[in-house]
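Engineer: Dropping a structure here in structure tokens format, bear with me for questions.
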Amino acid sequence: MKYFPLAINLQSQPVLVVGGGQIACKKIDSLLQANAKITVIAPALCEKLQGYVDKGELVWHEALFTDDSRTNQQLKQFILIVVATSCQSTNKIITKQAHSAGVLVNSAYKHDAGNVILPAIISRGDVVVTVSSNGQSPVITRYLKQQLEVFIPQNIDSLSRWAQSWRNTIKDKFSNSVDRQQFWGFLLSGKIKDWVLSGKFEQADSQIKQYLNKSDPITGQVFLVGSGPGDPDLLTIKALKLIQQAEVVLYDRLVSDAIMDLVPDYCERIYVGKKRSNHALPQDNINQLLVDLAKQGKRVLRLKGGDPFIFGRGGEELELLAENNISFQVVPGITAASGCSSYAGIPLTHRDYSQSVHFIAGHLKDESNTLNWPELVNPNQTLVFYMGLSQLGYITAQLISSGLAPTTPVAIIEKGTTEHQRTVISTLKDIAALAVSKNLKAPTLIIVGKVVLLQEKLAWYS
């Protein structure tokens, strides 16, 4: 690490900026946020800086900076010097004199000439986040700042001030730092945090008092989160936040490796995935494990592929949590039908081809397929089968025998939204044989209907 990040108090501190153009203006904008006392040396100023002078927000010396215009003693009065002229020889003179005077110097035109970098800043009151690339790549610095802006609430400062108001009380309650950190983690990952961020301070204060007065251990929380069909960019912002806050995660087979890479290293991982006739952990055991972990005070992330309420057994798991008075939240995810069809270029509905769509489980809870097949036979609707590859021959035979045309287009999407996505298209009568010849493997999604005809024209992802 070449540059060590260090916050410095510039409140009313003297700062010298040499240069009056747009680059100097950007630097001064940041320095004014820190309430620095700014002096500018430049033969001319841009319009915005002239406005600052007119309002008395900075002092301007209308002059060129030369090697004899400022002595070491004069430069030493400044806590920081910012070099922002367009003349490289002038920049070298200023930087050399600043080093000689022992003053911190930032060079806007040649970052490694100085010994200070002014990072990109995200300011939310007393909460300040900075981003730097050691001056190597301003483009990446701006990109990262934009990404972080999305995740940091505009009113995070109110949460910071609220937490500060409870700091001593919680410290007195929990003398052990580990217990204290666990309690803060509990508070900042649940409804209390949401109340504070939405301005409901009385509710938050009332709830925290109840927790502090309890003699028994604080019960943890369970977050039932849909991770989407595989592409981590399809995660919701809330899902990503909860992934990064979890203490233990129970995850399924359909949660992609790319999404699991986002789970913190310190987080305990428990695999509870299921394959046909091969369950790592029976469903009843999973339900009970969620309860047991929450009763240990853990922040439990139950991570599921797709959406937890669409063939995800999320409802079954929440029932036991509710019976045990365990606090939980549900974060929906992009279900496979929506995500995979979009990435394959197949709209599930279309005014010319399909006015409705059915989501169908390829196998049911008791492993018997008892669908109302005649109800599914409608040429103007789309059928989407989840987990149906192993029963594809049976599914196609039932649809044909119930009256759906053998020439009806069918698509199978393998590992949709991932870099290994593959789409195979055929007809209802031929798709089963083609799936075998192409050696398709789960996870797959089967789409039946005329909308499949649009795939060749609309396919965009590869």
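Engineer: Across the range 319-335, which residue is farthest from Pro232 (Cα to Cα) among those that are in contact with a Leu (Cβ under 7 Å, 6 or more places away or on another chain) and open to solvent by less than 20 Å² (accessible area, probe 1.4 Å)?
Structural biologist: Ranking the qualifying residues of the range 319-335, first place goes to Leu321.
Engineer: Is it the case, given these coordinates, that Ile208 is part of a helix (DSSP H, G or I), within 23 Å of Thr444 (Cα to Cα), of a type outside the set (D, E, K, R) and touching a residue at least 24 places away in the same chain (Cβ under 8 Å)?
Structural biologist: Against the criterion (part of a helix (DSSP H, G or I), within 23 Å of Thr444 (Cα to Cα), of a type outside the set (D, E, K, R) and touching a residue at least 24 places away in the same chain (Cβ under 8 Å)), Ile208 does not qualify.
Engineer: Hand me the list of helices (runs of 4 or more DSSP H) wholly inside the range 283-348 holding 3 or more residues that are polar (S, T, N, Q) and over 28 Å from Phe183 (Cβ atoms).
Structural biologist: Because the criterion is at least 3 residues that are polar (S, T, N, Q) and over 28 Å from Phe183 (Cβ atoms), the helices (runs of 4 or more DSSP H) in the range 283-348 that meet it are 336-344.
Engineer: Please enumerate the residues belonging to the range 211-229 that are in a helix (DSSP H, G or I) and surrounded by 15 or more Cβ atoms within 10 Å (Cβ to Cβ).
Structural biologist: Answer for the range 211-229, where residues must be in a helix (DSSP H, G or I) and surrounded by 15 or more Cβ atoms within 10 Å (Cβ to Cβ): Tyr211, Leu212.
Engineer: If Ser401 satisfies all but one of (1) under 37 Å from the mean Cα position of the chain (by Cα); (2) farther than 30 Å from Gln288 by Cα; (3) in contact (Cβ under 8 Å) with a residue 12 or more places away in the chain, what's the number of the condition it fails?
Structural biologist: The single condition Ser401 does not satisfy is (1).
Engineer: Would you pick out the residues in the range 261-282 that are at pLDDT below 75 and either in a loop (DSSP other than H, G, I, E, B) or aliphatic (A, V, I, L, M) (or both)?
Structural biologist: Within the range 261-282, Arg276, Ser277, Ala280 meet the criteria.
Yes/no per residue for (1) open to solvent by 30 Å² or more (accessible area, probe 1.4 Å); (2) more than 16 Å from the chain's Cα centre (by Cα); (3) within 27 Å of Gln391 (Cα to Cα); (4) not aliphatic (A, V, I, L, M):
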residue: Ile243; (1), (2), (3), (4): no, no, no, no
residue: Leu250; (1), (2), (3), (4): no, yes, no, no
residue: Arg253; (1), (2), (3), (4): yes, yes, yes, yes
residue: Asp261; (1), (2), (3), (4): yes, no, no, yes
residue: Lys274; (1), (2), (3), (4): yes, yes, yes, yes
residue: Asp284; (1), (2), (3), (4): yes, yes, yes, yes
residue: Leu289; (1), (2), (3), (4): yes, yes, no, no
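Engineer: Sticking with this one: I'd like to check something: does the range 172-185 contain any residue that is in contact with a Leu (Cβ under 7 Å, 6 or more places away or on another chain) and surrounded by fewer than 15 Cβ atoms within 10 Å (Cβ to Cβ)?
Structural biologist: Taking the range 172-185 and keeping what is in contact with a Leu (Cβ under 7 Å, 6 or more places away or on another chain), we get 173.
The next check asks that each one be surrounded by fewer than 15 Cβ atoms within 10 Å (Cβ to Cβ); those that pass are 173.
Yes, the conditions are met somewhere in the range 172-185.
Engineer: Within the range 98-121, track down each residue that is closer than 17 Å to Leu6 by Cβ and touching a strand residue (DSSP E or B) at 6+ places or on another chain (Cβ under 8 Å).
Structural biologist: Result: Val103, Leu104, Val105, Asn106, Gly114, Asn115, Val116, Ile117, Leu118, Pro119, Ala120, Ile121.
Engineer: Report yes if Asp231 is over 19 Å from Ile286 (Cβ atoms) and modelled with pLDDT of 95 or more, otherwise no.
Structural biologist: yes
Engineer: Next question, about the same structure. For residues that are touching a Lys or Arg at 6+ places or on another chain (Cβ under 9 Å) and over 23 Å from Ile152 (Cα atoms), tally how many sit in the range 194-213.
Structural biologist: Of the residues in the range 194-213, 2 are touching a Lys or Arg at 6+ places or on another chain (Cβ under 9 Å) and over 23 Å from Ile152 (Cα atoms).
Here's the yes/no breakdown for (1) touching a residue at least 12 places away in the same chain (Cβ under 8 Å); (2) of a type outside the set (Lys, Arg); (3) open to solvent by 50 Å² or more (accessible area, probe 1.4 Å):
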position	(1), (2), (3)
Ile41	yes, yes, no
Leu45	yes, yes, no
Leu49	yes, yes, no
Thr66	yes, yes, yes
Ser89	no, yes, yes
Ala101	yes, yes, no
Leu104	yes, yes, yes
Tyr109	yes, yes, yes
Ala120	yes, yes, no
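Engineer: Quick one: in the range 237-260, which of the residues that are of a type in the set (Val, Ile, Thr) and assigned to a helix (DSSP H, G or I) is nearest to Phe311 (Cα to Cα)?
Structural biologist: The extreme case among them is Ile259.
Engineer: Helices (runs of 4 or more DSSP H) wholly in the range 135-204 with at least 3 residues that are under 30 Å from Tyr109 (Cα atoms) and touching a residue at least 12 places away in the same chain (Cβ under 8 Å) - which ones?
Structural biologist: Because the criterion is at least 3 residues that are under 30 Å from Tyr109 (Cα atoms) and touching a residue at least 12 places away in the same chain (Cβ under 8 Å), the helices (runs of 4 or more DSSP H) in the range 135-204 that meet it are 138-151.
Engineer: Cβ contacts < 7 Å: first residue at negative phi, restricted to the range 230-253; second residue open to solvent by 50 Å² or more (accessible area, probe 1.4 Å) and of a type in the set (Lys, Arg), any location; separation 6+ or different chain. Result?
Structural biologist: Filtered contacts from the range 230-253: Glu247/Lys298; Val248/Lys298; Val249/Arg269; Tyr251/Arg269; Arg253/Lys275.
Engineer: Could you tell me which of the residues Val410, Val436 is of a type in the set (Val, Ile, Thr), open to solvent by 80 Å² or more (accessible area, probe 1.4 Å) and either modelled with pLDDT of 95 or more or assigned to a loop (DSSP other than H, G, I, E, B) (or both)?
Structural biologist: Val436
Engineer: Look through Val53, Val116, Val131 and report the one residue that is under 41 Å from the mean Cα position of the chain (by Cα), open to solvent by less than 70 Å² (accessible area, probe 1.4 Å) and more than 30 Å from Gln245 (Cβ to Cβ).
Structural biologist: Of the residues listed, the single one that is under 41 Å from the mean Cα position of the chain (by Cα), open to solvent by less than 70 Å² (accessible area, probe 1.4 Å) and more than 30 Å from Gln245 (Cβ to Cβ) is Val116.
Engineer: Could I ask something else about it? Is the range 342-351 home to any residue that is open to solvent by less than 60 Å² (accessible area, probe 1.4 Å), farther than 18 Å from Pro229 by Cβ, of a type in the set (S, T, N, Q) and touching a residue at least 60 places away in the same chain (Cβ under 8 Å)?
Structural biologist: There is no residue in the range 342-351 that is open to solvent by less than 60 Å² (accessible area, probe 1.4 Å), farther than 18 Å from Pro229 by Cβ, of a type in the set (S, T, N, Q) and touching a residue at least 60 places away in the same chain (Cβ under 8 Å).
The values are calculated or read from the model by the stated rules, or taken from the named source; none is laboratory data. What you see is a predicted model, and the numbers here were worked out from it, not measured in a lab. Because the Cβ atoms are built from the backbone with ideal geometry, glycine has one as well, and the counts that use them run over all protein chains shown. Areas reflect the complete protein model, heavy atoms only, side chains present, ligands, DNA and RNA absent. Shrake-Rupley method; radii C 1.70, N 1.55, O 1.52, S 1.80 Å.
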